[in-house]
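Working notes, structure below.
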Amino acid sequence: MAHKIEMPKLSDTMEEGVIVKWNVQEGDRVEAGDIIAEVETDKATMEVEAFDPGTVLKIVAKEGDAVPLGGIIVVIGEEGENIDGLLGDGADSGGAGGASTGSGGSGNAVDVTGPGVGGGGTDVAGGGTGVAGGAEEFDPILGDLQGGAGAQASTRGTAASAAGATNGVSGATGVGGAAMGGGGNGVAATAGALATAAASGARVKASPLARSMARERGIDLATVRGSGPDGRIVKADIESARAGAPAPQVAQPVQRATEDIRVSQMRKVIAKRLSESKFTNPHFYETVDIDMEHATSTRAQLNEISDVKISFNDMIVKACATALRKHPYVNSSWLGDTIRMHGDVHIAVAVAVPDGLMTPVIRHADQKPLSQLSKETRELAGLARDKRLQPDQMEGSTFTISNLGMFGIEEFTAIINPPNAAILAVGAIRDVPVVKNGQVVPGKRMKVTLSSDHRIVDGAKAAEFLSTLRNLLQNPLLMFLSEGV
Amino acid sequence: MATLQFREAILAGIDEEMARDERVFIMGEEVAEYNGAYKVTEGLLEKYGFKRVIDTPISELGFAGIGVGAAMNGLRPIVEFMTFNFAVLAADQIINHASKARYMLGGQLSCPVVFRGPNASAGQLGATHSVAYDSMYAHFPGLTVIYPSEPDDAKGLIKSAIRSEDPVLFMESEQMYGMKGEVSDAEDYIIPIGKAKVKRQGDDVTVVATGKMVHVVKQAAVELAKNGVEVELIDPMTIKPLDMETILTSVKKTNRCVVVDEAHPFGGVAAEVGFLIQREAFDYLDAPVQRVTLPDVNAPFSKKLFDLWFPDAKQVVEAVNAVTYRG
């Protein structure tokens, strides 16, 4: 008995998944537990496994397709089984279009006999060969095998209007057909239908004449403003563009193609969550300049004895975790009627990945020694870059650190990562002249900026947290005295 | 040049051809003793006698068939229908016999018959007396369809029609029979079938119209000229074979076209002209071709509804404004 596998819900916030890779092909045998596909969710790339053995009968979603939750991605069953019933409406939408083209044959025939029209009364040879219709894409029973909008549009429109139907034919074709059947006298009605058809899509709209004029004169239509309906570029626009154009001898700047990139699942989530955060949470920002001289020397000493290399970031994570224990308001979440003060300290670290940003979470960061923080951070960052993070490795943060110091950024402000109450933006450690005991001496400074949600954290509270943080980093040994070292 | 009514111009053409060729004869309801329902055949009975000017019973299919048979046997009949609305009864003879005889018999005979009479609406005559049949007959291979708009064209073309070796439908208008116009008095004045005339020159938009619609467009052109829009009016005169060359030359100059047709929209002359323009002059078009036609509704009798139904100059102006991107 064939069964379909639907897009599974692989994370709490997932609404659709993109098939990244199929590990099987149609006709392949699969066993229960086989990993048949990889799916990109809003969080990570996850594996989809087969729960029952069988043969892959039909791969419904191709690589790169975005499939909503519950959408069929593949059908598995016994070889030779009829699966039409399982596929249902989605797969058959092309066929319905074909069925309406009973008159399609004659529609195509018109084009074939076209040249005879001018021939006239005595020219008996005018007709005849039309039945063959529109070449190999046209099947007399199924209709246009391309099944699509293009070539078939006029034929379908005719069929629809002849039958007096105003629906049943999809989209713009239906509109055109209805206008044709009903109208004619109404110039306005015709124009309206045209406008509707033209309204979709971002292509440059230009009359055929404007196109050929632009081609002849070397004018890029993309640079011309259209004055016609829906911005259609017409003759007059090309003529005025011509008048305003620079002399043709001037070297034209190279025109490079503009590209529309499909928004990845990850980017959709970044866009949604960060917009929500920035536009909902009342952010405010406080910056402190921290003397990193002791942190630098302490780190050098630690690295002489430590198995794993301790980074400044690890020390900042540690310092934050320690400071958060002392300032629980910063380690909390706004829930509307209540403020949740988190007992645990789970610190998310923003990691840049090729097409976005991930925030793996170091759980119980306050209870882990520096060496473990270092190891975990490295592991999680690696998984993030490979898009192998599992949902539980990305969920449950209570605070976030975003460090752009390695890019030489002096200071910046970050958007709070919901449901956190604050995020720390870490800048680069700079060699700067500092005044010590009345003397200008070389010093090391690092600016950090805390973005706080004012609904939870007030200015003074944020300042207290930053003060503790600064103290810990300026005197790193304090961290080793703190609880949980 | 003589000034003649439209009916007199047709009569002059018929008279000249009857005098020139004794095989030419005319028959139809009231063509002889009554001098024609619209007096197109006035005086012919007196001049040519009952043998060549024949009153028929009210039996369109019958006398159309006699005409087709006579033509196949070497005569050159002119069959007058009191209106083409009544010729629907004779459609079998026209469509199934006249148009196909030469083709089905491998060219062994021809059928040089002229069917003529008023076509299309003549005001409040109701749904069954107001139909434009030109595009319907033009649909069939083997038929020539002529629809002149002015007396001079009517005279030159009726003579060509009578001399044609194949069946011709010659369409007139009840409302134009009294229209006067200058008619060439050149001896044996012939206008060839299948040639359009540029009735008005202009650079801004091509308007194609035949028959009564030519006069609607002329009215609209005067209005449009006041706003600086110059209409080039093309009257194909022969609907089939259609002189697309003249139309395309004009469209390539003006880049815009409106087709005005006193017929319903579906599959009419306007549809055909529009199709051919987009195929042959696509890169010259600055706007989609527009058409002004009757709606897809039968003729109403009520005066108010009739005025809404019938294509008028205002609709032509609107269509021209649409293709020239004005107002």
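Among the strands (runs of 3 or more DSSP E) contained in region B:113-173, which hold 2 or more residues that are more than 11 Å from the chain's Cα centre (by Cα) and more than 15 Å from B:Ala263 (Cα to Cα)?
Result: B:114-118.
Could you tell me which residue of region A:178-208 is surrounded by the fewest Cβ atoms within 10 Å (Cβ to Cβ), considering only residues that are modelled with pLDDT of 50 or more and under 19 Å from B:Arg291 (Cβ atoms)?
Here the answer is A:Pro208.
Can you name the residue in region B:194-219 that is in a loop (DSSP other than H, G, I, E, B) and either more than 14 Å from every other protein chain (Cβ to nearest Cβ) or modelled with pLDDT under 95 (or both) and, of all such residues, is nearest to B:Ala122 (Cα to Cα)?
Of everything passing the filter in region B:194-219, B:Lys212 is nearest to B:Ala122 (Cα to Cα).
Scan region B:300-315 and give yes if some residue there is on the phi > 0 side of the Ramachandran plot and in contact (Cβ under 8 Å) with a residue 24 or more places away in the chain, otherwise no.
No, the conditions are met nowhere in region B:300-315.
With the checklist (1) surrounded by 16 or more Cβ atoms within 10 Å (Cβ to Cβ); (2) touching a Leu at 6+ places or on another chain (Cβ under 9 Å); (3) more than 19 Å from A:Met315 (Cβ to Cβ) in hand, flag the one item A:Val361 doesn't pass.
Just one mismatch for A:Val361, condition (3).
Inside region B:180-193, can you point out the residues that are out of contact with any Lys or Arg (no Cβ under 9 Å at 6 or more places or on another chain) and away from chain A (no Cβ under 14 Å)?
Across region B:180-193, the qualifying residues are B:Lys180, B:Gly181, B:Glu182, B:Asp185, B:Ala186, B:Glu187.
Has region A:70-88 got at least one residue that is hydrophobic (A, V, I, L, M, F, W, C), in contact with a Ser or Thr (Cβ under 9 Å, 6 or more places away or on another chain) and either part of a loop (DSSP other than H, G, I, E, B) or touching a residue at least 40 places away in the same chain (Cβ under 8 Å) (or both)?
Yes, that holds for at least one residue.
Among the listed residues B:Ile54, B:Ile95, which satisfies the condition of being among the aliphatic types (A, V, I, L, M), surrounded by fewer than 23 Cβ atoms within 10 Å (Cβ to Cβ), modelled with pLDDT of 95 or more and outside any helix (DSSP H, G or I)?
Answer to the selection: B:Ile54.
Is it true that B:Ile191 is outside any strand (DSSP E or B) and outside the structural domain of B:Asp312 (by TED's automatic domain parsing)?
So B:Ile191 fits the description; yes.
On the given criteria, is B:Leu109 surrounded by 20 or more Cβ atoms within 10 Å (Cβ to Cβ) and within 14 Å of chain A (Cβ to nearest Cβ)?
no
Picking from A:Arg385, A:Arg340, which residue would you name as being basic (Lys, Arg), surrounded by 14 or more Cβ atoms within 10 Å (Cβ to Cβ) and more than 21 Å from A:Ser402 (Cβ to Cβ)?
A:Arg340
Name the residue that is modelled with the lowest pLDDT, counting only residues in region A:273-327 that are hydroxyl-bearing (Ser, Thr, Tyr), more than 24 Å from A:Lys436 (Cα to Cα) and not in a helix (DSSP H, G or I).
Taking the candidates together, the pick is A:Ser306.
Can you name every residue in region A:227-245 that is farther than 20 Å from B:Cys257 by Cα and within 10 Å of chain B (Cβ to nearest Cβ)?
none
Within region B:155-169, track down each residue that is within 14 Å of another protein chain (Cβ to nearest Cβ), surrounded by 24 or more Cβ atoms within 10 Å (Cβ to Cβ) and in contact (Cβ under 8 Å) with a residue 60 or more places away in the chain.
Correct list: B:Leu157, B:Pro167, B:Leu169.
Could you tell me which residue of region A:209-237 is surrounded by the fewest Cβ atoms within 10 Å (Cβ to Cβ), considering only residues that are modelled with pLDDT of 90 or more and among the β-branched types (Val, Ile, Thr)?
A:Val234
Would you confirm, using the coordinates I've provided, whether B:Ala70 is within 20 Å of B:Ser130 (Cβ to Cβ), in contact with a strand residue (DSSP E or B) (Cβ under 8 Å, 6 or more places away or on another chain) and either surrounded by fewer than 19 Cβ atoms within 10 Å (Cβ to Cβ) or aliphatic (A, V, I, L, M) (or both)?
No, not satisfied.
Just checking: which of the strands (runs of 3 or more DSSP E) contained wholly in region A:355-445 hold 1 or more residues that are in contact with an Asp or Glu (Cβ under 9 Å, 6 or more places away or on another chain) and assigned by TED's automatic domain parsing to the domain that holds A:Asn471?
Ranges flagged: A:422-436.
The values are calculated or read from the model by the stated rules, or taken from the named source; none is laboratory data. Since the model is a prediction, treat every value here as computed from it, not as a measurement. Cβ: placed from backbone, ideal geometry, glycine included. Neighbour counts: every protein chain shown.
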